[in-house]
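Colleague: First the structure, then my questions, so here it is.
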Amino acid sequence: MKRFLSHTLGGAALALSFSFSAPVLAQETFAYPDDFPPRTLQSIDTGGLTWSDALTTSVDTVNGAHKSTFVTGNTVTLNSGTVRYVYGAVNYGDTDGVSGNSVVINGGTVDILVTGADHDPDNGNTSATNNSVEINGGTVRDVYGGIAKVNGSGDTLASNNTVAIMGGTASGEVCGGYAGGSSGHQAEASNNTVRIGPGLPTTVFGSNVTLSGGRTSGGDIGVSTGNTLQIESAGLSVQHLGHFQRFEFTLPAGLVNGGRVLTVTATVNIGTNAVMTVSAAPGFTVSPGDAFILIDGTGSTFSGTVAAASQSGTIGGYPYTLAVENGTAVVLRILQPVQSRAVTSVPVAGGGVLAALGLLLAGLAAAGLRRRR
């Protein structure tokens, strides 16, 4: 994104690896600062602004701005050290889309931005698709699966990008895909996913974190659709939640009756008719009468509804209801199991009774024949 400022590199070591998958059969591998001759971080020219201390693949100059030598299939891994930016790929020079790039953060500090790919030329249609970021450790601020922007005229698409928070800490916006459009054009952020993995500490998010699925800005038409939040931990807290249309909760073993999965302190927007699914992780148990607060927006501005098809189901062998309660929270309630109806037994007649009944029927039949004669 062209709005971030310049930066300073710390002295700690970085270990990085880059790989490219088909159809581009190429590979770069280096470790900073351990390689000989030493590799250096780059200054990325956006065609107007320069981002220094950026960790990314090799770049070329196209139309006065930087473009990754390979805009698809890159993998960038940061293991330690301090940088300002990490990109799987960039393209500020032309309309070639950025896709299939990955960033993995295992440690270190990223002061400003981590993104799987950033496509941001001056004009023309832009796209960032099928890119991913995985945070396993370290400290990051803003995390985007993919970014598609345009400074002049053009449509933008950020689709099928993924962010997975599996460890570490984040303090800014965690966004699956972002599309920034222009006047008279469409900005679409669709089918992006944010995953919050299992076993995370309650401190994984800072107090100012925003969780966004597919966010758009600018443009006369903004489309956010099919974006998913997957949560596999509990006791988490963020400031803002929005731009998701689907929510998938996997309730962990440590969650007990009355527990909270996600608390949101400022604004919650789950959208109209949000699709929600609930499943149990190994060791999670329920009893009739239990209640679990999946999204707690008490004290915040809450909007949105749960789709009718998501308002009931079963978990742990028990039926449940799922609803927005008091206009502030999404609550899962465990019900009593439905009892099977009692079956009334029918007595079976003995042999003597059946024989007598047969004789009676035979006599009635004979009497009827005599009347007809």
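Colleague: Quick one: 3J(HN,Hα) in Hz for the stretch 313-327, Karplus 6.51/-1.76/1.60 with θ = phi - 60°, rounded, Gly and Pro as x.
Modeller: x, 10, 8, x, x, 10, x, 9, 10, 9, 7, 7, 10, 6, x
Colleague: Right, another one. Per residue of the stretch 271-283, in order, report the coupling 6.51 cos²θ - 1.76 cosθ + 1.60 (Karplus, θ = phi - 60°) as ³J(HN,Hα) in whole Hz, putting x for Gly and Pro.
Modeller: x, 8, 6, 5, 7, 10, 10, 10, 9, 10, 6, x, x
Colleague: Using only the Cα atoms of the stretch 233-319, what semi-axes does the equivalent ellipsoid have when each is the square root of 5 times a gyration tensor eigenvalue? Give whole Å, largest first. Kindly include the intermediate steps, with their values, before the conclusion.
Modeller: On the way: eigenvalues 96, 50, 22 Å².
Semi-axes (√(5λ), whole Å): 22, 16, 11.
Colleague: Averaged over all directions, how much area does the convex hull of the C-alpha atoms of the stretch 193-254 cover when projected, in nm²? Let's see the in-between values first.
Modeller: On the way: hull surface 18.2 nm².
In nm², the orientation-averaged hull projection of the stretch 193-254 is 4.6.
Colleague: Tell me, in nm to one decimal, what length is gained between Ser52 and Ala323 on full extension, where the rule is 0.36 nm per residue of separation less the Cα-Cα distance? Could the numbers behind the result be given before it?
Modeller: On the way: separation 271, 0.36 × 271 = 97.56 nm, distance 4.81 nm.
Gain on extension, Ser52 to Ala323, equals 92.8 nm.
Colleague: I need the phi-derived Karplus couplings for the stretch 86-103: 6.51 cos²θ - 1.76 cosθ + 1.60, θ = phi - 60°, integer Hz, Gly and Pro marked x.
Modeller: 9, 10, x, 7, 9, 8, 9, x, 8, 9, 5, x, 10, 8, x, 9, 9, 10
Colleague: To continue, here is another question. Per Stokes-Einstein, at 10 °C and 1.306 mPa s, what whole-number D in µm² s⁻¹ belongs to the stretch 61-105, with the Kirkwood radius over Cα pairs as the hydrodynamic radius?
Modeller: Working: Rh = 11.4 Å.
In µm²/s, the coefficient rounds to 139.
Colleague: Per the Debye formula with a single identical scatterer at each Cα and no solvent contribution, what log10 I(q)/I(0) holds for the stretch 33-140 at q = 0.10, 0.13, 0.17, 0.18 Å⁻¹?
Modeller: -0.26, -0.44, -0.75, -0.83
Colleague: Out of residues 5 or more away from Ala274 or on other chains, whose amide H comes under 5 Å of its own, with H placed 1.01 Å from N in the peptide plane?
Modeller: Thr305, Val306, Ala307
Colleague: Length gain on complete extension for the stretch Thr314 to Asn123, per 0.36 nm per residue less the alpha carbon to alpha carbon distance? List each step's numbers first, then the result.
Modeller: On the way: separation 191, 0.36 × 191 = 68.76 nm, distance 5.06 nm.
Additional length available on full extension: 63.7 nm.
Colleague: Please list, in chain and number order, the residues 5+ apart from Leu251 or on another chain whose amide H is under 5 Å from its amide H, with Hs placed from the backbone.
Modeller: Ser279, Ala280, Ala281
Colleague: On a full-extension model of 0.36 nm per residue, what is the gain between Asn273 and Arg333, subtracting their alpha-carbon distance, rounded to one decimal in nm?
Modeller: Details: separation 60, 0.36 × 60 = 21.60 nm, distance 1.88 nm.
Going from the current span to full extension adds 19.7 nm.
Colleague: Rounded to a whole number, what is D in µm²/s for the stretch 157-232 from Stokes-Einstein with the Kirkwood radius over alpha-carbon pairs (4 °C, 1.567 mPa s)?
Modeller: Working: Rh = 12.8 Å.
Reported coefficient: 101 µm²/s.
No lab work stands behind these numbers, since they all come straight from the coordinates. Computed from a predicted model, the values in this text were never measured in an experiment.
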